[in-house]
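The values are calculated or read from the model by the stated rules, or taken from the named source; none is laboratory data. Keep in mind that this is a model prediction, so the values were computed, not measured. Cβ sites come from the backbone with ideal geometry, for glycine too, and all protein chains shown count toward neighbours.
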Amino acid sequence: MKVHHRAAAGLAVLAMAVAACGGGGGSENKQPSAEQSKQAQQQMAETPAININPVPYEQVKDGGTLTLAVGQWPSQWNTNHVDGNQADTATMVDAFMPQLMMADEQAQFTPNPDFVTDVKNETVDGKQVVTYTLNDKANWSDGSPITWEDLAASWKANNGSDKKYKPASIDGWNKIESVEKGATDKVAVITFSKPYPEWQGLFNRTTSALFPAKYLETPEKYDNDYKQKIPVTAGPFKVESIDEGTKTLTLVRDDKWWGKKSKLDKLIFRTIADATAEVNAYANGELDAAYIEAGAPANLQRAKGVPNTEIRKALSPNWRHITVNNSSEFLKDKSVRQAIQYAINRDVITQSDLKDMEWPLQTLGNHVFMNNHKGYVDNSGDLGKYNLEKSKQLLEAAGWKQEGEYRKKDGKEFALDFVIPASVPTAKTEGELTQAMLKEAGIKVTIRPVPDDKFFNDFIIKGDFDLVPFSWIGTPLPMGSLPQIYKTGSESNFPKASDPAVDAAIDAAVDETDPAKAIELANAADKLIWDMVHTIPLYQRPDIWAVKKTVANYGARGYKFYNWAEVGFTG
């Protein structure tokens, strides 16, 4: 999964959110009624899986420049690396690096013919063997061929055996026993030590795009060769310029590309951290599309008023949450973390973020499956319900006694920090709501704004937070999120949570080859994750875009991977 953090709220929503808290934010009357829940479920069912204005390649105009915005400018372009594991980075990299398998809106994978002419998934001598036959024309931009050695290098760097590498996830890679040359250099034979049902997710945006072996062969190269630079590409576009000053990436059509040539002449990504500024830039004609963040109904209405605009929305595998640092001084005790969970009214925060967004007001009860996924079960149980009295009881039992405004233990005040990216008003609102709610339980919360471009690398990844809100950007293969986010030792287990029972439940789920049984086991693991209080799910994140009507094959993509060669204009 990719991480993403942008969110925004107009001032009116900010005022509404604080008012909703009242004196402290519990507001049990904010629990949705049965009728509201039914309406939300109906809205969810009516929301499409994809909305991108699909147009056949032949009918897309040849030429033009598409200008888009990203919320965070990367320093690390190697999307294998934990520092490069961001949704905005993946979106840009998709246009100029290989993806071996492509997902459609139904989350079904097929080989990408530009890079792979044949894929076989077989059982050989009792072991799963996947054989990729690479396209003979597939070359890196430096002229060297894409071969089995590039796949082998990805495996060696990402499988977790060399602790000097820092992969975002070792899931799948750690189940590979060998990557060997087949009949030619263009055939890669991958043998798994144990079955891996989500093998299609390797070598694409689900894990990471394929990178040249020579840039992954040592931890130093893995860390540095794509840091603030893009030395080699392979895709319909190539890099014209990387402007660190304006934080802008300009891509142009690669005339050496062997696949269908890109319809666009040029693809520009501008960094605009503030979501309102992004919508303003769209309204001013500077962008061809704008993402509409949750908590920003004013932005939605502004975008709807721009001439020749189409609002494209779809269900996506993305979700908003609050991560709870299991290793921080005050939160090492599970009962205390559960007290935090009980004191936070998820319905209030969800309603604050989604009010007037024309999106279902439905909290999320699962860490693995979204509300519209066939595997979804609400596993939140008692912990998912706001219960201030229960919170106070747990804190008392843990030795945190109310002394004046806040609780103390051994003379120390119970004080947490809530880290947010400085330019994201929704995160600030979420912090203020949480601050007021936890104050009712006797816990002091300080909201700590940090620079947007340092939010992940310097704070979340380094564990410098107590509570932090952001969004996980999911994939068509949700099971991979279990070991990546929740298993002991994973680079993406940002709270540094550890529970042998959780690890065992995760292993059972991801090792299961029967899809129905795997879902059952994943839900069993999810119940333990709720109990651990690793992450507090809020809601399935809206995928809402304002897009010029003439833009084809782009917008709210849901599970689908973009084919950037087909993105363009109809007029």
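Any idea how many residues of the stretch 314-333 are basic (K, R) and surrounded by fewer than 21 Cβ atoms within 10 Å (Cβ to Cβ)?
Counting residues in the stretch 314-333 that are basic (K, R) and surrounded by fewer than 21 Cβ atoms within 10 Å (Cβ to Cβ) gives 1.
If you scan the stretch 64-107, which residues turn out to be closer than 23 Å to A552 by Cα and either among the acidic types (D, E) or without any contact (Cβ under 8 Å) to a residue 12 or more places away in the chain (or both)?
D88, D94, D104, E105 - these are the residues of the stretch 64-107 that are closer than 23 Å to A552 by Cα and either among the acidic types (D, E) or without any contact (Cβ under 8 Å) to a residue 12 or more places away in the chain (or both).
One residue is enough: does the stretch 486-505 have a residue meeting the conditions more than 18 Å from the chain's Cα centre (by Cα), surrounded by 24 or more Cβ atoms within 10 Å (Cβ to Cβ) and under 24 Å from S380 (Cβ atoms)?
Looking for residues that are more than 18 Å from the chain's Cα centre (by Cα), surrounded by 24 or more Cβ atoms within 10 Å (Cβ to Cβ) and under 24 Å from S380 (Cβ atoms), one finds at least one in the stretch 486-505, hence yes.
Each row is one residue, and each column tells you yes or no for (1) of a type outside the set (A, V, I, L, M, F, W, C); (2) surrounded by fewer than 22 Cβ atoms within 10 Å (Cβ to Cβ).
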residue: P425; (1), (2): yes, no
residue: L433; (1), (2): no, no
residue: D458; (1), (2): yes, yes
residue: P469; (1), (2): yes, no
residue: L477; (1), (2): no, no
residue: D514; (1), (2): yes, yes
residue: L521; (1), (2): no, yes
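Given the options D452, D410, name the one that is without any contact (Cβ under 8 Å) to a residue 12 or more places away in the chain and either in the same structural domain as M101 (by TED's automatic domain parsing) or more than 15 Å from T323 (Cα to Cα) (or both).
D410
Restricting to the stretch 114-147, name every residue that is under 18 Å from D255 (Cα atoms), of a type outside the set (S, T, Y) and either in contact with a helix residue (DSSP H, G or I) (Cβ under 8 Å, 6 or more places away or on another chain) or assigned to a loop (DSSP other than H, G, I, E, B) (or both).
Matches in the stretch 114-147: D114, F115, N135, D136, K137, A138, W140, D142, G143, I146.
Counting only residues that are over 23 Å from P449 (Cβ atoms), give me the strands (runs of 3 or more DSSP E) lying completely in the stretch 246-360 with at least 3 of them.
Where strands (runs of 3 or more DSSP E) fall fully within the stretch 246-360 and carry at least 3 residues being over 23 Å from P449 (Cβ atoms), they are 248-253, 266-271, 309-314.
Select from the stretch 161-187 the residues that are closer than 15 Å to T207 by Cβ and without any contact (Cβ under 8 Å) to a residue 60 or more places away in the chain and list them in ascending order.
Those that are closer than 15 Å to T207 by Cβ and without any contact (Cβ under 8 Å) to a residue 60 or more places away in the chain: Y165, W173, N174, K175, I176, V179.
Could we say that L521 is touching a Lys or Arg at 6+ places or on another chain (Cβ under 6 Å), more than 30 Å from L251 (Cα to Cα), of a type in the set (A, V, I, L, M) and outside any loop (DSSP other than H, G, I, E, B) here?
Judged against the criteria, L521 is not a match.
Please indicate, with yes or no, whether at least one residue in the stretch 528-539 is touching an Asp or Glu at 6+ places or on another chain (Cβ under 6 Å) and either assigned to a strand (DSSP E or B) or not acidic (D, E) (or both).
There is at least one residue in the stretch 528-539 that is touching an Asp or Glu at 6+ places or on another chain (Cβ under 6 Å) and either assigned to a strand (DSSP E or B) or not acidic (D, E) (or both).
Being in contact with a Ser or Thr (Cβ under 8 Å, 6 or more places away or on another chain), within 30 Å of Y386 (Cα to Cα) and without any contact (Cβ under 8 Å) to a residue 60 or more places away in the chain: is that true of T535 here?
The answer is no for T535.
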